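Q: Here's a structure for you.
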Amino acid sequence: MSVSVVPGMGHAGKRHRGRVALVRNAIALTAALGLMSVSCTQPPPSEPGTTTTTTTPVPPVPPVPPGLRYFGDSATWNRPVSAFGASKALDRYAGIFYDASGGASIARRGHVEVRFRSYAVPIYDAADATTTARVFQSVWSQSAQGFGTLEIGDKVPWNPDWAPGPGTDRAMVVVEPRTGRAWEYWGMGEAPSGCVDFLGPNAQAGFDPANRAHLCAAGAWSYDNLHTASDADGTTTAVRGMGINKLAMVTRADEVAAGVIPHALQLMVTNVLFGGPVCAPARGAAAPGAGSTCGYYLPPATRVEWEDGPPDICADRPANTRAERERSVPMGLRLALRITDAEIDRWLDSRGYEGPLRRTARIFAVALRDYGAIVSESACSGTGIQTDGLINPDAARTWEQAGIVDDGGDTPAGDLLDGLITRDRLYVVNAPR
């Protein structure tokens, strides 16, 4: 549903009320609990039936400051990898991800770009809305998909200063933490002419291209379980490619300021496993030919994004062949790093990181060790991790304090994790049952 294509180029928002106090309290808690130096000397336990070679206990994952985490604690992406263990059956995908997730170039192996501008997902606080607007569906998307959980012409909280993330997705999210309400948009900010459908559903709902309070988007969703939604009980909303909420797994500036990313990171890849046909069953890798002659997904994903065959969004569309499927990775695949604190320190030294940037890079590295990252979106240009980015000025200020400075380009600090993700450190995590 939400497809990331070639990286492209935003603005807006006021101070998020209540977030300042949260961040201050969380930073204090971080210092008190020593979240920045957590020892890990052993990988998570292997799946049942396998053995481990060390008896050194895995230390607990750092506590999560109250109010910081979105979605339910039972959501599997909010649970540490130690709850699931390493997968022997799916281990081949660590090599496939490393070799092919970023494209054909060998130089891309291990390079995972952190998306602070292009394909970032800006998040705005509904408390900063200055008006309401009505949202309508772009004509091109009317024939491609439904509109979402909102009806064409529905009213939503709005601020004319809000802008979506750059890139073809143009995604953005508005949250109301007090009530747990959220609004997610895909393809937001299309030209008004893109919603002119004459006698179509927009016209019937009263769309006026001259009215600035009439917004044109490809898709719009709303839900009221921001703090409780979970794949464990089927209460997620199918928005992003893997079939869950777009906001899920997006790394936020507030989290980094608090010293911990308390969930799996989001991964967009170029080699996502496709259907044409989809396996039966599609969930899990048990079907005959899974990953070779048919496509499947792993929880927490809820669907094969490209059911009918290879994605047609990129210039070099893969062929619908066994060979192409066998170099692809399924939606929902979770990977993590076997890495110790000492190894993280050596990597930070090799990068020359100091001060706030060193702290931020460490937080990402610890998250990749403790929570891993989950394949959740298609891309055309390399492997990426989505953040709330630098588009919202509030988030931009927080990221700047964390050492991430907007250089005016499409990919500021995109190389933040270079050298961290190596083949020998990567492993696949068991999928939830």
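The values are calculated or read from the model by the stated rules, or taken from the named source; none is laboratory data. Just so we're clear, the structure is a prediction, and the values are computed from it rather than from any experiment. Note that we place each Cβ from the backbone using ideal geometry, even for glycine, and neighbour counts take in every protein chain shown.
Q: Check off (1) assigned by TED's automatic domain parsing to the domain that holds Leu68; (2) surrounded by 19 or more Cβ atoms within 10 Å (Cβ to Cβ); (3) under 21 Å from Ala373 (Cα atoms) for Ala285 and give me the number that stays unchecked.
A: That leaves (2) as the condition not met.
Q: Let me ask something else about it. Quick one: would you say Gln137 is farther than 30 Å from Asp407 by Cβ and buried (at least 23 other Cβ atoms within 10 Å of the Cβ)?
A: Yes, satisfied.
Q: Just to verify a result, which residue in region 178-202, among those that are aromatic (Phe, Trp, Tyr) and under 26 Å from Leu226 (Cβ atoms), is surrounded by the most Cβ atoms within 10 Å (Cβ to Cβ)?
A: Among them, the one singled out is Tyr185.
Q: Would you point out which residue out of Pro318, Pro356 is surrounded by 15 or more Cβ atoms within 10 Å (Cβ to Cβ), over 22 Å from Lys246 (Cβ atoms) and modelled with pLDDT under 95?
A: After ruling out the rest, the residue left standing is Pro318.
Q: Do any residues in region 345-358 that are farther than 19 Å from Ala253 by Cα have Cβ atoms under 7 Å from those of residues that are in a loop (DSSP other than H, G, I, E, B) and hydrophobic (A, V, I, L, M, F, W, C), where the two are at least six apart or on different chains, and which pairs are they?
A: Close Cβ pairs (under 7 Å, with a partner that is in a loop (DSSP other than H, G, I, E, B) and hydrophobic (A, V, I, L, M, F, W, C)) amount to Trp347/Leu420.
Q: Somewhere in region 388-407, is a residue more than 24 Å from Tyr124 (Cα to Cα), surrounded by fewer than 17 Cβ atoms within 10 Å (Cβ to Cβ) and among the basic types (Lys, Arg)?
A: The answer is no; no qualifying residue exists.
Q: Turning to a different aspect of this structure: Test of understanding: among Arg240, Arg252, which residue is under 24 Å from Ala182 (Cβ atoms) and not assigned by TED's automatic domain parsing to the domain that holds Arg108?
A: Arg240
Q: Tally the residues that are aliphatic (A, V, I, L, M) and touching a Leu at 6+ places or on another chain (Cβ under 6 Å), restricting the search to region 106-155.
A: Selection size over region 106-155: 4.
Q: Inside region 74-129, can you point out the residues that are more than 14 Å from Met268 (Cα to Cα) and of a type in the set (Ser, Thr, Tyr)?
A: Passing the criteria: Ser74, Thr76, Ser82, Ser87, Tyr93, Ser105, Tyr124.
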